[in-house]
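**Q** Before I ask anything, here is the structure I am working with.
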Amino acid sequence: MAISAPEQGPSADLLALLATLADGLPRPPCALPLAAASLEKTLAEAERWGLPLQREEGGQLRLHYPYPPLRAAAVAQGAGWDTADVVVLPWCDSSNERLRHGPQGPRALLCEGQWAGRGRRGRHWSSPFGRHLYLSLSWPVAALPEQGSAALVAALSVHRVLHSLGIPGLGVKWPNDLWVNGRKLAGILVEAIPQMGQPRLIIGLGLNVHADPALPHTAISLHDAGVRTDRNTLAGSILRQWESDLRRYGEEGFTAFLPRWQEADCLAGRWVQVSAPDGIREGRAQGVDAHGRLILADESGLHAIAMGEASLRPAAAP
Amino acid sequence: MDIQFIRRLAELLQRTDLDEIEVVEGESKVRITRHQPVMQPFQAAASVPTAAAAPTMAAATPPSTPALALASAPELPEGYMIKSPMVGTFYRASSPDAAPFVEEGSIVKAGQTLCIIEAMKLLNEIEADVGGKVLKILAANGQPVEYGEPLFIIAPER
């Protein structure tokens, strides 16, 4: 969701406190890595960040998970991987950023919350603690310029997993959002990193899972769509599907995914406006071409669009 | 809009502190700027509404009176040219409120990120394949770039 981001990161005290309480067990203040004087200040800061650090009877502190916590072992099992391939963090700046700068090794990283979750072009992605899925995958590729439609493929993978849960009105919105009846369920951000001859993609997913009173009305969660699910199972299934689809994409290219795109496309046949750096274009969406570009039809013909933000214009439809 | 008029505009630009002059006359338009790359001193386009925002490759046709308007324009410096590997939107920073990856004059190492080119929500980081000094940045932040379009000129370190 595009809302304004907090100006700076959390304090070292807060991060130390979270690390101690990450297991969700209650602890007395004397067992915390903080001087008593700075505890009140740090708890107030936690509240500003929306972190559910609670003081229980007897003065014990604990981190309250509103839903069952993420577990690396459970996610890895669902993906068919070793546990060491998956890292779970309680809270971080963004899962893409941690996976990218962390030590080589883990193939996927999840977190319970992000303080600087990102959408496209630095837009803030609201990432409350313990309710949703923030999942990033590191995927080595042979060459980067050939990865142009990777974001569309990544969205189709998530679509396939969610479709199997039975969600009426689910579709992909070009290039890579997941929508339920016009409301945003998930967003994907793909970063292509050359890394001196060892190129890889970092694919980040933000998926609204559980009930969240802070979600704007333009967004929807799986809970709102009538689906009750476990985040660990879901993450494992998505990683498994990503792996299978990205491997196929590397071998066969995007054309292999055109039939799936046609099934999932929720813009096809609708009047769409695309705002791009070189202007705004309107037309009727006609699916995508073999490169994943959006095809718009207007009175001057067909146009293949690689850049820009698509939105529905139902009122302006001729 | 005749050639004499454009010539007078170019002279006016040279005589003053102005960076850019744009004149729209009916369906024709001319824009003369100081800071554009050499191959694109004019955007003399007629009646195409999107022409002003068209990618710079559209300016590959030679301008009608290059000599005059270019008299004061700097030559492109000699150096190693980094070109766009794809069609997309050129960004100089990781987010709108972040500092640019590099400036003209920056010293870069091989492998350092120079810019991001975005297409279809894929953020492609472009890295320097040589180390050296950034002599020239040829694309503007947020501008669409074409395949093979020059983006940076770097003086490789010896």
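**Q** Just one of the numbered conditions (1) out of contact with any Gly (no Cβ under 9 Å at 6 or more places or on another chain); (2) loosely packed, with under 15 Cβ neighbours inside 10 Å; (3) of a type in the set (Gly, Ala, Ser) is not true of residue A:72; which one?
**A** Residue A:72 satisfies all of (1) out of contact with any Gly (no Cβ under 9 Å at 6 or more places or on another chain); (2) loosely packed, with under 15 Cβ neighbours inside 10 Å; (3) of a type in the set (Gly, Ala, Ser) except (2).
**Q** Can you pull out every residue in region B:107-130 that is open to solvent by 10 Å² or more (accessible area, probe 1.4 Å) and more than 9 Å from chain A (Cβ to nearest Cβ)?
**A** Those that are open to solvent by 10 Å² or more (accessible area, probe 1.4 Å) and more than 9 Å from chain A (Cβ to nearest Cβ): B:107, B:109, B:112, B:130.
**Q** For region A:1-56, which positions are over 26 Å from residue A:215 (Cα atoms) and modelled with pLDDT under 85?
**A** Passing the criteria: A:35, A:36, A:37.
**Q** Within region A:254-270, can you find the residues that are under 22 Å from residue A:189 (Cβ atoms) and in contact with a helix residue (DSSP H, G or I) (Cβ under 9 Å, 6 or more places away or on another chain)?
**A** A:254, A:257, A:260, A:261, A:264
**Q** Which of the numbered conditions does residue A:195 fail, given that it passes all the others? Conditions: (1) open to solvent by 50 Å² or more (accessible area, probe 1.4 Å); (2) touching a residue at least 24 places away in the same chain (Cβ under 8 Å).
**A** Status for residue A:195: all satisfied but (2).
**Q** Something else about it: Where residues in region A:160-173 are open to solvent by less than 20 Å² (accessible area, probe 1.4 Å) and within 18 Å of residue A:245 (Cα to Cα), which of them is nearest to the other protein chains (Cβ to nearest Cβ)?
**A** The selected residue is A:172.
**Q** Oh, and also: Just name the residue that is surrounded by the fewest Cβ atoms within 10 Å (Cβ to Cβ) out of those in region A:274-311 that are farther than 22 Å from residue B:91 by Cβ and in contact (Cβ under 8 Å) with a residue 40 or more places away in the chain.
**A** Applying the filter and picking the extreme gives A:285.
**Q** List the strands (runs of 3 or more DSSP E) that sit entirely inside region A:47-99 and contain at least 2 residues that are more than 29 Å from residue A:244 (Cα to Cα).
**A** A:53-55, A:61-63
The values are calculated or read from the model by the stated rules, or taken from the named source; none is laboratory data. What you see is a predicted model, and the numbers here were worked out from it, not measured in a lab. Using ideal geometry, Cβ is built from the backbone for each residue, glycine included, and neighbour counts are taken over all protein chains shown. Surface accessibility is based on the protein's heavy atoms, side chains included, excluding ligands, DNA and RNA. Shrake-Rupley method; radii C 1.70, N 1.55, O 1.52, S 1.80 Å.
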